[in-house]
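Visitor: After the structure tokens below, expect a handful of questions from me.
No lab work stands behind these numbers, since they all come straight from the coordinates. Being a predicted model, the structure only gives us computed values, none of them experimental. FYI the Cβ positions are ideal-geometry reconstructions off the backbone, even for glycines, and counts take in every protein chain you see.
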Amino acid sequence: MNTSQPATAQAVLEGEALHAFMDQAHDLLQQEADASPIAPAERQAAVMELLSQQRFAPATVGELERLHDLWLDLERPETANALLREHRAATLQPLQGDNHLLATASLALSDIQSRLRFDREGGVALLAPAADLMGRLPHTGEPYRYWNGWHYLAREAQAWELAEQGVDLQRSHERSDPDGEASPARRDARACLRKAELARLRGDVPATVRQVQAATALLTQADAEQNVDFDDWLHLAREVLPLAPQSVPAVFMAAEQHLARTESPAASQAVRTHRKVHAARLQAMACHAMGQPEAALQLAALGRFGLVDDSDDAFSGLVLQWLEEAGRLADAADLALECILPYRQGSAAQAYELALRMVDRDTGQAPTWALILAWAGLHPQLQELLEDSPAAPRSADEYLALARSQAPNHPMLDLVEGWRLAREHHWDQALPLLERGVCEQPRYANYEPLSLLWAARFAVLDAGQALARPFPLCHGAHWCYAAGVTLDDEDDLAALMGEGRQVPGDELREPLVQRYYEEGLARFEAFWASGQGMYKDAHLHVYSMLCNNLAIKYRSQQRYDEAAALHHKGLSSSPFAEHHDGLLWCAIRRDDRPGIVTAAEQLWHFTQDYGYSRHCPTDYFPSAALALYQLGRAGEIGIWLERLDQWFEELDEDDQREQRRDYLASLMSLLDFFSENHGELVRPRLDALLPEVRALGECYTLRRLACAMESCGPIDQAVALHREAIAKLTPDDGEAEHRMAKDGLKRCLKLRSDSKPWWKLW
């Protein structure tokens with residue numbers, strides 16, 4: 001039967017017309033049942049009718065595969081396969097070389113896919129030749145995609161022996177790639193996990209465990225050059241969990257031993273604790289999978305902390321389920337309240353829905369369940385988060401009344417009422433409630449009520465009275481950081497307080513900000529040492545940001561050693577450019593010339609790897625050049641000149657126009673320090689840039705050009721340029737620039753009058 005040319009055909013569809021038809025057919029088939037009045041069977045019949053009215057002439061492999069897949073969607077595998085066989089040669093004929101090979105492989109997989117549905121033996125027989133074809137694919141054509149398709153089909157066919165052979169064939173193919181074996185241990189371990197999955201599917205538990213153990217051993221044996229890091233071990237543990245949960249602890253033990261041997265520098269205490277949280281989570285999940293709920297909950301307590309690489313708080317949501325299953329409703333209520341105060345993506349919805357189920361059933365914790373529901377009904381961001389959850393049968397005020405009637409002294413009541421009044425700027429009424437709710441219950445004092453308490457104090461009391469009140473602590477390191485950030489930002493605090501309220505000046509807020517940062521630092525580091533704390537006390541990036549913010553405060557107080565120590569802590573936990581920048585400024589302020597060069601080098605290389613962020617080369621290149629000049633290493637300034645030019649050349653036209661002034665100023669500074677012994681290289685650049693520098697009309701840039709000219713140009717021209725620079729001085733240039741401009745002219749005039757060489761002294 002000719003499946004592509006029915007007797008009633010009216011037209012031949014090809015190219016764009018064929019794709020448009022396919023889009024329409026696909027949309028009709030994929031309509032959601034609740035969004036379409038047409039039943040699925042009727043939609044299938046409609047597509048069949050459309051197909052019967054058309055004649056198709058697929059000219060490309062892509063068109064042929066779309067038609068093939070459509071017939072599969074219509075549950076007509078024989079028709080799909082016949083279509084494939086009819087048009088395969090014609091669609092492959094125009095292709096050559098690698099393109100022909102890749103297309104042949106793709107159609108081979110489609111052939112197996114449809115044939116398995118009506119001729120299993122025939123489909124299985126095609127697997128081995130298809131695997132041979134996969135092994136000849138070019139490495140530039142992403143062959144793993146084709147291999148993944150092959151493995152899927154082998155599993156679908158339950159051709160276990162062939163599937164295992166295919167794993168080895170793929171691994172052999174990968175080894176033939178000259179650019180793909182930087183870390184063979186990862187791929188070897190992955191191959192073992194594929195075999196473990198096959199063993200699990202065929203019910204062979206001992207073989208599953210053996211392959212998991214083999215994968216673990218392969219990563220353990222990887223040397224340092226393969227760069228097998230904790231993320232690789234974590235990925236292995238996640239893959240092992242559904243295969244052999246009993247092996248998860250062994251994976252983490254092997255990871256610890258391997259990283260102790262290969263990791264350089266060794267991980268900081270913060271990073272090690274962060275890893276322990278990951279391990280505790282997966283080991284808890286493994287215990288639960290093995291039917292050990294109490295062990296799972298015990299380990300979960302060590303893993304229920306927010307991590308940098310979490311997209312949400314899904315683990316706490318999982319623990320809530322375990323607690324409910326175990327009948328530990330008091331613990332479940334405490335955790336649910338924690339998840340919703342402040343709200344957490346991934347667990348807040350579970351907490352809310354659990355409270356809905358329990359508020360009328362669990363009388364022992366009814367006040368807590370009611371408070372959860374009240375808070376969910378009051379907080380606007382929670383309401384957005386809970387849009388897809390069932391609606392509460394009662395209002396927030398009714399739930400608050402329920403909680404108050406059953407537990408009139410519950411510490412959350414004051415906090416919730418104070419928060420609500422503060423949000424409406426009823427500061428006089430909010431203040432006493434927040435004082436009690438925050439100061440008496442610091443474990444509930446997250447950053448939001450903590451910041452609102454300070455806003456209330458500043459709104460109701462004069463500054464002296466506000467500062468005389470007891471300092472409100474909180475138990476969360478992240479909360480301390482967030483409160484410090486709010487108090488540090490006048491605009492943030494003003495937005496909280498509302499119009500017409502006077503925000504205290506920096507001199508009054510700075511000690512508070514610093515204290516919260518120091519308190520947050522202490523709590524973070526207590527967590528690193530003990531593994532005990534609040535939810536976000538494990539967050540490496542927040543810790544790193546806190547270290548940076550506190551270091552900035554210390555730098556302003558000339559506490560450079562303490563500031564540098566904080567920057568190093570930040571770099572060892574979650575590195576970002578601000579820490580390198582901070583170390584550079586610590587070195588500058590201490591006049592640590594070797595330290596300046598080292599820090600500048602580290603900042604430059606970091607920005608090359610991760611982007612310039614807010615750190616512009618023009619800000620620190622002159623400092624690096626000066627340090628090199630003072631160290632007698634002026635020749636190295638040539639490297640920095642190349643880097644400066646490289647950075648500028650890589651900017652787009654708009655950014656170049658915006659950065660041109662700063663680029664020229666930095667360039668003149670570097671050329672000045674480089675000119676003493678490299679005048680022959682410097683002079684052409686000075687001559688070329690002189691008209692533009694003059695047109696810029698700024699003292700600093702012209703003065704640095706004049707200084708460079710002292711070493712490599714006619715001294716009279718240097719004198720003239722110094723005088724020209726002085727003429728460009730403005731009151732905005734500042735006292736130091738006025739002094740250096742005048743001193744530069746004096747120095748140059750003396751140089752002109754002296755016959756002996758003059759050496760710069762700055």
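Visitor: Summing Lys, Arg as +1 and Asp, Glu as -1, what charge do residues with Cβ under 13 Å from the Cβ of D362 carry, D362 excluded?
Guide: With Lys, Arg at +1 and Asp, Glu at -1, the neighbours total -1.
Visitor: Moving on. Give me the extension gain from V308 to D168: residue separation times 0.36 nm, minus the current Cα-Cα distance, reported in nm with one decimal.
Guide: 46.8 nm
Visitor: With 10 angstrom as the radius, rank C339, C712, C547 by how many other C-beta atoms surround their C-beta, starting from the fewest.
Guide: C712, C339, C547
Visitor: Restricting things to alpha carbons, find the Rg to Rh ratio for the stretch 207-271 using the Kirkwood radius for Rh.
Guide: 0.98
Visitor: State, as an integer percentage, the relative contact order of the stretch 182-310 based on alpha-carbon contacts under 8 Å between residues 6 or more apart.
Guide: 20 percent
Visitor: Step through the residues of the stretch 633-638 one at a time and calculate ³J(HN,Hα) from phi using the Karplus curve (6.51 cos²θ - 1.76 cosθ + 1.60, θ = phi - 60°), rounding each to whole Hz and writing x for Gly and Pro.
Guide: Values per residue, Gly and Pro as x: 10, 4, x, 6, 4, x Hz.
Visitor: Using the Karplus curve 6.51 cos²θ - 1.76 cosθ + 1.60 with θ = phi - 60°, work out ³J(HN,Hα) for each residue of the stretch 334-347 in order, rounded to whole Hz, and write x for Gly and Pro.
Guide: 4, 5, 4, 5, 5, 6, 9, 10, x, 4, 10, 4, x, 10
Visitor: Under the √(5λ) rule applied to the eigenvalues of the Cα gyration tensor, what semi-axes describe the equivalent ellipsoid of the stretch 636-762? Give them in Å, descending.
Guide: 24, 18, 12
Visitor: So which GluC sites (Glu not before Pro) in the stretch 378-461 end up in coil per DSSP with only 12 or fewer other C-beta atoms within 10 Å?
Guide: Here the GluC sites (Glu not before Pro) that fit, given the DSSP loop and packing criteria, are E387, E424.
Visitor: Moving on. Relative contact order (percent) for the stretch 636-762, with alpha-carbon contacts under 8 angstrom and 6 or more residues of separation?
Guide: 20 percent
Visitor: Considering only the other residues whose Cβ falls under 12 Å of the Cβ of P77, what net charge follows from Lys and Arg at +1 and Asp and Glu at -1?
Guide: Net local charge, P77 excluded: -2.
Visitor: Okay, moving on. Going by how many other beta carbons lie within 10 Å of each one, how would you line up S753, S544, fewest first?
Guide: In increasing order of surrounding Cβ atoms, one gets S753, S544.
Visitor: If you take the charge dipole of the stretch 636-762 about its Cα centre, with +1 on Lys and Arg Cβ and -1 on Asp and Glu Cβ, which of L751, H678, A736 is farthest toward its positive end?
Guide: Farthest towards the positive end: L751.
Visitor: To the nearest 0.05, what FRET efficiency results for R515 and Q558 with a Förster distance of 25 Å applied to their C-beta separation?
Guide: Efficiency computed from Cβ-Cβ geometry: 0.85.
Visitor: Right, another one. Per residue of the stretch 127-137, in order, report the coupling 6.51 cos²θ - 1.76 cosθ + 1.60 (Karplus, θ = phi - 60°) as ³J(HN,Hα) in whole Hz, putting x for Gly and Pro.
Guide: 5, 5, x, 5, 4, 4, 5, 4, x, 9, 5
Visitor: Something else: Given H placed 1.01 Å from N in the peptide plane, which residues other than close sequence neighbours of L13 have an amide H under 5 Å from its amide H?
Guide: R55, F56, A57
Visitor: What percent do you get for the relative contact order of the stretch 175-224 when only Cα pairs under 8 Å and 6+ apart count?
Guide: 40 percent
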